[in-house]
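Notes follow once the structure below has been shown.
The values are calculated or read from the model by the stated rules, or taken from the named source; none is laboratory data. Everything quoted here is computed from the prediction, not taken from an experiment. Counting neighbours? That spans all protein chains shown, and the Cβs are built from the backbone with ideal geometry, glycine included. SASA here: full protein model, heavy atoms, side chains in, ligands and nucleic acids out. Shrake-Rupley method; radii C 1.70, N 1.55, O 1.52, S 1.80 Å.
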Amino acid sequence: RTRLSCFSSDEATVDAGRAELKMFGAAFNESLQFEDSYDGDDGDVQNQTSSAGGKHYQWMLQDTWQWLNISHDDVIETHYCQPGAKGISLFTSDYGRVFLDFDTMKVQDTQLGLSRHVSLSGGDTEEYLWYYLDNRRWYEYGAQGTSSSKSSVTSPDVEQQYTLNPNGSCPFIVGNASYCIDFTAMMQKNLATGIQRRVRRRPKFNSVIKRRCFKVSLKRRPRPNQNN
């Protein structure tokens, strides 16, 4: 039974009880506890909670050559989908305390590897949202932030540019100010003042964009009468 106890706006502890790390069909028992770490308020971002159906992800740890499935990884996924979460700590009996860094997708200070494996049907994609940090609050692109002016781009616009070139950039305008998102640095820059803000790309929990298929019917037209 999972318990979530919030101690402050940026710290929470999750006791996930007993869990298992399963490797290649075999399994060994591992006592797991979770502690998530935040570096900014999610602001007006709607909390994304876990649901039972439609799981298409699996969080995994790599110990030397073997990949270990983390059970109860819906706890990890739920926090990963929140823009303010910079990572989560696992308290294990075999490895001690390990910190999963969501920004770098690495396990800090260990030789363990980290992977979020996604399995989707052909043509389906995950829905990703883009956020920027402003005055210690995370705002989604296209939503109303601290500025009274509206951005010229939304999350789908930024995601489209990122999909086309993950190492590129995305210019946009808010009012009379020009900005640019650097996908490599994951930073937003005001081109006039040089002020930079952190940017994050996170999936929307259990949201998959289905490929749309259309049936096209071709009607045969009668041949024109050659005698006319």
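Worth pointing out:
- Efficiency of FRET from Cβ geometry, Tyr95 and Leu164, R₀ 35 Å, rounded to 0.05: 0.35
- Under the combined filter of DSSP loop state and at most 12 neighbouring Cβ atoms within 10 Å, the range 104-176 retains these trypsin sites (Lys or Arg not before Pro): Arg136.
- Ligands, DNA and RNA left out, the 1.4 Å accessible surface of the range 95-165 is 44% carbon and sulfur atoms.
- Spin-label model distance (nm) - Gln66 vs Cys180, 7 Å beyond Cα toward Cβ: 4.9 nm
- Exceeding the 18 Å Cα-Cα cut-off - candidates Lys86/Lys210; Lys150/Lys189; Lys55/Lys204; Lys86/Lys189; Lys86/Lys204: Lys86/Lys210; Lys86/Lys189
- Cα centre as origin, Lys/Arg/Asp/Glu Cβ charges: the range 108-195 dipole, Debye: 320 debye
- Fully extended contour minus Cα-Cα distance, from Leu191 to Ile209, at 0.36 nm per residue: 3.1 nm
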